[in-house]
Structure formats: structure tokens, C-alpha cells
Amino acid sequence: MDQFLFFLVAFLAVASAVYFVFARNPLYAILSLIVTMFSIAGMYILLNAQFLAIIQIIVYAGAIMVLFLYILMMLNLNKGDESKKNNTLKFVGVFTACLLLIGVLGVFRGIQDNHIVVENVDRGVGLTKNLGRLLFNEYVLPFELASILILAGIVGAVLIGKKDL
């Protein structure tokens with residue numbers, strides 16, 4: 001079951017990332033990027049890293065993507081395309097969602113109660129205490145280099161935004 005979920009989430013992540021690259025409409029591109037971020041959070045949950053999954057959802061899918069959507073709505077890049085909208089895509093979307101629902105119900109109906117006993121599994125892999133221990137002991141140099149890189153990005157954004165300097 002875990003392998004099926006992994007392949008489902010991985011396919012969703014790759015498909016939405018490919019759609020993000022090839023999307024012509026920036027709004028659809030950003031929405032597909034949100035789906036990609038949620039899919040990556042699903043992979044973290046499957047890896048028993050719940051803390052990283054929640055951070056992924058809060059920081060990336062929550063804050064940054066909402067910021068992107070807000071900027072996109074403020075720019076209003078598609079005001080010339082407003083009159084060309086039709087309902088064909090809505091019907092295709094509803095039909096596809098119904099097919100997906102039928103497929104998911106079929107999969108859940110066919111699942112047997114096969115319980116696999118797994119021994120020697122480290123249940124503390126995704127805990128915050130272990131993550132902090134790894135970050136500040138083994139990976140302290142890459143962690144500090146990432147913070148310097150983020151600081152350089154913030155300074156660069158301030159310099160670009162401030163024209164009077």
C-alpha cells in the first residue's frame with residue numbers, strides 16, 4: 001500500500017511540475033506549483049518526516065504561493081483574455097474528476113486487508129529532536145551556508161527594491 005501511495009504521489013508531483021513548466025496561463029502555472037508542493041509534502045509524510053511535511057505546507061504551499069497568487073492578481077496579466085473564456089474546459093474538468101473518483105473508489109474496493117509486519121523500523125526518523133540533532137551536528141556547515149545564501153538573497157532584494165541607494 002505504501003508503494004502504491006508513493007507512486008501515486010510521485011506521479012502527481014512530476015505531472016504537476018511538468019504542467020508548471022509548459023503552462024501558458026500564469027495562474028494555472030502557480031496552481032500547479034501548489035499541487036507540486038503538496039505532493040512533496042505527501043512524500044515527506046510517507047518517509048515519516050511529518051515535521052518537514054508541515055513546514056513544506058506552511059512555508060511553500062501556504063505563504064510563498066499565496067504571495068505569488070497575490071502578485072499575479074495585482075498585475076492582472078490576462079485582462080485581454082477575459083472575453084475569450086468558454087465553458088468547455090469546465091465540463092472536461094468535471095468529467096475528468098468523475099473518472100478519477102470512479103478510479104479511486106475502484107482501487108479502494110479492490111484493496112485487501114493485507115497487513116505486512118515490518119520489524120526493525122526506526123520510528124523516530126521524522127521527529128523534530130532528531131532533525132535538530134542532525135542539522136546542528138552532522139550538517140552544520142551546509143545549514144550555515146544556506147543561511148548565508150538566504151541572507152545574500154535578502155540583501156540583494158533590498159538593494160534592487162531601493163533605488164535611492
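Please treat every number below as a calculation from the coordinates, not as lab data. Note that the coordinates shown come from a computational prediction; the quantities given were computed from them, not determined experimentally. Cβ coordinates were reconstructed from backbone atoms using ideal geometry, including for glycine residues, and neighbour counts include every protein chain displayed.
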Legend entry - Estimated FRET transfer efficiency when R0 is 22 angstrom, pair LEU69-ALA23 (beta carbons, to 0.05): 0.95
Legend entry - Backbone HN-Hα couplings from phi across segment 35-52 [Karplus 6.51/-1.76/1.60, Hz, Gly and Pro as x]: 4, 4, 5, 5, 5, 5, 5, x, 5, 4, 5, 5, 8, 6, 10, 5, 4, 5
Inset, instruction - Provide the gained length on full extension for the span ALA97 to LYS129, in nm with one decimal, where the gain is 0.36 nm per separating residue minus the Cα-Cα distance. - result: 7.5 nm
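For LEU47 and THR88, compute 0.36 nm times the residue count separating them, minus their Cα-Cα distance, and round to one decimal in nm.
Values: separation 41, 0.36 × 41 = 14.76 nm, distance 3.96 nm.
Gain in length upon complete extension: 10.8 nm.
For LEU145 and ALA10, what is the calculated FRET efficiency with R₀ set at 30 Å and r taken between the beta-carbons, to the nearest 0.05?
Working: r = 29 Å, r/R0 = 0.96.
After rounding to 0.05, the efficiency reads 0.55.
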